[in-house]
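S.K.: What follows is a structure written as structure tokens; I'll ask about it next.
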Amino acid sequence: MKIILGADHGGFETKEKIKEYLLANNFEIIDAGNLVYDAKDDYPDFAISVAKRISANEAEKGIIICGSGVGACIAANKVKGVRACVCHDVYSAHQGVEHDDMNVLCLGGRIIGIETAKEIVLSFANARFSNEERHKRRLEKVLKLEE
Ligand code: RB5
């Protein structure tokens, strides 16, 4: 599976470690930046870039990391077709995909440690939408807002 990563300065270090981890776990990675640490960069630039590429089906899933995950999540959810959420626990990371078809995971590089982040990311990456009737019905109600 192909995953697009993005991060500002608040998430840069975590992104680099997560990239290495996902590559070691045989995922294909597109790095949407920032490609260097820049204390003055802005999270919307990377969040919107990842979100637009998810919306254009360049990859199935995206992961955006900023300081808290919050700004990235707000920005990404403005893009049609993107269902982003901050998840700092493993249960939400897979259940969000299984029930809600979440396609972008947002993390706070200043909030969680790298080992927890790795578990969350793997749980998100390996999860699949359940396609159960009740979840499809609920998702359709949400998707109607994009019409
Ligand atoms: C950057 O300092 C910080 O505000 C940003 O990474 C993020 O946490 C916003 O939600």
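Only the coordinates and a few stated rules stand behind these numbers; no lab work does. Here the structure is a predicted model, which means the values were calculated and not measured. Don't worry about glycine lacking a Cβ; one is built from the backbone with ideal geometry, like all the others, and counts go over all protein chains shown.
S.K.: Taking the range 1-13, which residues are within 13 Å of the chain's Cα centre (by Cα) and within 16 Å of the ligand (Cβ to nearest atom)?
M.R.: So in the range 1-13, the residues within 13 Å of the chain's Cα centre (by Cα) come out as 2-7, 11.
Once the filter is applied, which keeps residues that are within 13 Å of the chain's Cα centre (by Cα) and within 16 Å of the ligand (Cβ to nearest atom), the range 1-13 yields Leu5, Gly6, Ala7, Gly11.
S.K.: Please work out which residue is surrounded by the most Cβ atoms within 10 Å (Cβ to Cβ), limiting yourself to the range 72-88 and to residues that are of a type in the set (A, V, I, L, M, F, W, C) and closer than 10 Å to Ala51 by Cα.
M.R.: So the first thing to find is which residues in the range 72-88 are of a type in the set (A, V, I, L, M, F, W, C), and the list is 72-76, 79, 82, 84-87.
In the following step, the residues that additionally are closer than 10 Å to Ala51 by Cα were identified as 72-73, 75-76, 79, 82, 84.
Values: Ala72: 34, Cys73: 23, Ala75: 24, Ala76: 30, Val79: 19, Val82: 23, Ala84: 27.
So the residue we want is Ala72.
S.K.: Identify the residue in the range 23-53 that is assigned to a helix (DSSP H, G or I) and either among the acidic types (Asp, Glu) or touching a helix residue (DSSP H, G or I) at 6+ places or on another chain (Cβ under 8 Å) (or both) and, among all such residues, is nearest to Val82 (Cα to Cα). Even if it seems obvious, please write down each step before you answer.
M.R.: Taking the range 23-53 first, the residues assigned to a helix (DSSP H, G or I) are 23-24, 43-53.
The next check asks that each one be either among the acidic types (Asp, Glu) or touching a helix residue (DSSP H, G or I) at 6+ places or on another chain (Cβ under 8 Å) (or both); those that pass are 43-48, 50-51.
Details: Tyr43: 16, Pro44: 14, Asp45: 16, Phe46: 14, Ala47: 11, Ile48: 10, Val50: 10, Ala51: 6 Å.
Across the range 23-53, the extreme among qualifying residues is Ala51.
S.K.: A further question follows. Residue by residue through the range 107-141, note down the ones that are in a helix (DSSP H, G or I), under 19 Å from the mean Cα position of the chain (by Cα) and free of Cβ contacts under 8 Å to residues at least 40 places away in the same chain. Break it down into steps so the answer makes sense when it comes.
M.R.: Applying the first criterion (in a helix (DSSP H, G or I)) to the range 107-141 yields 114-126, 133-141.
Subsequent filtering for residues that are under 19 Å from the mean Cα position of the chain (by Cα) retains 114-126, 139.
Glu115, Thr116, Glu119, Ile120, Ser123, Asn126, Leu139 - these are the residues of the range 107-141 that are in a helix (DSSP H, G or I), under 19 Å from the mean Cα position of the chain (by Cα) and free of Cβ contacts under 8 Å to residues at least 40 places away in the same chain.
S.K.: Answer yes if at least one residue in the range 30-51 is more than 16 Å from the ligand (Cβ to nearest atom), buried (at least 17 other Cβ atoms within 10 Å of the Cβ) and under 13 Å from the mean Cα position of the chain (by Cα), and no otherwise.
M.R.: no
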